[in-house]
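Laboratory data are not the source of any read-out in this text; all were calculated from the coordinates shown. Remember, predicted model here, so these are calculated numbers, not experimental data. Cβ placement follows ideal geometry from the backbone for every residue including glycine, while neighbour counts extend to all protein chains displayed.
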Amino acid sequence: MSERTYSVYIMASQRNGTLYVGVTNNIPLRAYQHRIGVGSTFTTKYRVKMLVWYETYGDVNEAIAREKQLKKWERKWKRADRAVQSRMARLVRNAERLKARLRA
């Protein structure tokens, strides 16, 4: 039997845009759902489509606790956390490069 993993993640609308924090047991599927605009009224309304950061847990209660912790943080704290910030910056740059390539 395979062990289930849970991911806490942050999505963004654009650089310095709207942020969304969530938890899921299938990060690729959930990120895809956000990108196509299903599964969350908030992310659809604010066009939050870029996965910019995530971390995984083996226990759903730990993942939910971390999600709640992040949701309580002020926006500037989320951006100031070095681990979050560096991963977000890399992922946003990669997403912007991929978008540019797809348009060309």
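Do any GluC sites (Glu not before Pro) in region 1-80 lie in a DSSP loop with no more than 13 other beta carbon atoms within 10 Å, and if so, which?
Those that pass, being in a loop and sparsely packed, are GLU3, GLU74.
Is the C-alpha gyration tensor of region 14-66 telling us rounded, prolate or oblate? Criteria: a/c under 1.5 is rounded; beyond that, a/b larger than b/c is prolate, otherwise oblate. Prolate, because a/c is 1.5 or more and a/b exceeds b/c. Taking amide H atoms as placed 1.01 Å from N in the peptide plane, the amide H of TRP53 lies under 5 Å from those of ILE10, each 5 or more residues away in sequence or on another chain.
The stretch between PHE42 and GLU3 holds 11.0 nm of extra length on full extension. This uses 0.36 nm per residue minus the Cα-Cα distance.
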